[in-house]
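The values are calculated or read from the model by the stated rules, or taken from the named source; none is laboratory data. Just so we're clear, the structure is a prediction, and the values are computed from it rather than from any experiment. Reconstructed Cβ throughout: ideal geometry from the backbone, glycine too, with neighbour counts over all protein chains shown. Ligands, DNA and RNA are stripped out before the accessible areas are found, and what is left, the full protein with its side chains, is counted by its heavy atoms. Shrake-Rupley method; radii C 1.70, N 1.55, O 1.52, S 1.80 Å.
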Amino acid sequence: STTNLWALEFAGGVASDPIRFRVNGGSTIGGAVTSTGYTANVWHHVCAVETSNVSRAVFIDGGGKGTSTLNRTPGSIDTISLGVRETSTPDEFFAGDLAEAAIWNEALSDANVALLAKGVSPLLVRPSALVFYAPVIGRTSPEIELRGGRRLTVTGAVVRNHRRIVYPSQAAS
């Protein structure tokens, strides 16, 4: 909903274009902001980590870490969306390319985030805690089967080149 959510925001309206990890818990909003920004038309890795309702961090390209200790606890979360804030009136559409999205049910360490930023697949970083994984880049089919039995409907996708991702070998799967 508009009042209970976790979101990564690429606003573009602030000097240096930082990434925001926004957390809404009812009527209260808070979050972390990267100390460095992104560049339009350049691939970046972005990661948000929530250790508790008072400990959050957001990273860009494995660094630029920003933190927040504001107490926020979203409730009634029942939707995962990528590139849009999915409410009764969808908005905040992302005007860019998404390659891979993942959610873990344990907080990642700074070293884990650095591995992901170097192009290591989410399938290789804390795999026992990986509960959502969407390799959306290059997928133009309407639905993708995701980790954990979830399905993602893809709309408006096009195939694009992106940075190299290191995936598990066939023998490891």
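Sort W104, W43, W6 by heavy-atom solvent-accessible area, probe 1.4 angstrom, most to least.
W6, W43, W104
Between A107 and S128, how many nm apart are label points set 7 Å from Cα along the C-beta direction?
So the two model labels end up 1.9 nm from each other.
For R20, R160, write out the residues from largest to smallest accessible area, computed with a 1.4 angstrom probe and no ligands counted.
Final ranking, largest accessible area leading: R160, R20.
Any chance you could look up the accessible area of E106 with a 1.4 Å probe, heavy atoms only, rounded to 10 Å²?
90 Å²
Please report the carbon-and-sulfur percent of the accessible area for the range 1-100; probe 1.4 Å, protein heavy atoms only, DNA, RNA and ligands left out.
Roughly 51 percent, rounded to a whole number.
Quick check: from the Cα gyration tensor, does the range 87-132 come out rounded (a/c under 1.5), prolate or oblate?
Verdict is prolate for the range 87-132.
Accessible area of K65, 1.4 Å probe, to the nearest 10 Å²?
The value for K65 is about 90 Å².
Given a 1.4 Å probe and heavy atoms of the protein chains only, how would you sort Y133, Y38, largest accessible area at the top?
If we order Y133, Y38 from most to least accessible, we get Y38, Y133.
Using only the Cα atoms of the range 1-98, build the gyration tensor, take square roots of its eigenvalues as a ≥ b ≥ c, and label the shape rounded, prolate or oblate: rounded if a/c is under 1.5, else prolate if a/b is larger than b/c, else oblate.
Oblate, since a/c reaches 1.5 and b/c is not below a/b.
Where only protein heavy atoms count, and the probe is 1.4 Å, what is the accessible area per residue for the range 1-120 in Å²?
Roughly 54 Å² per residue, with all protein chains present.
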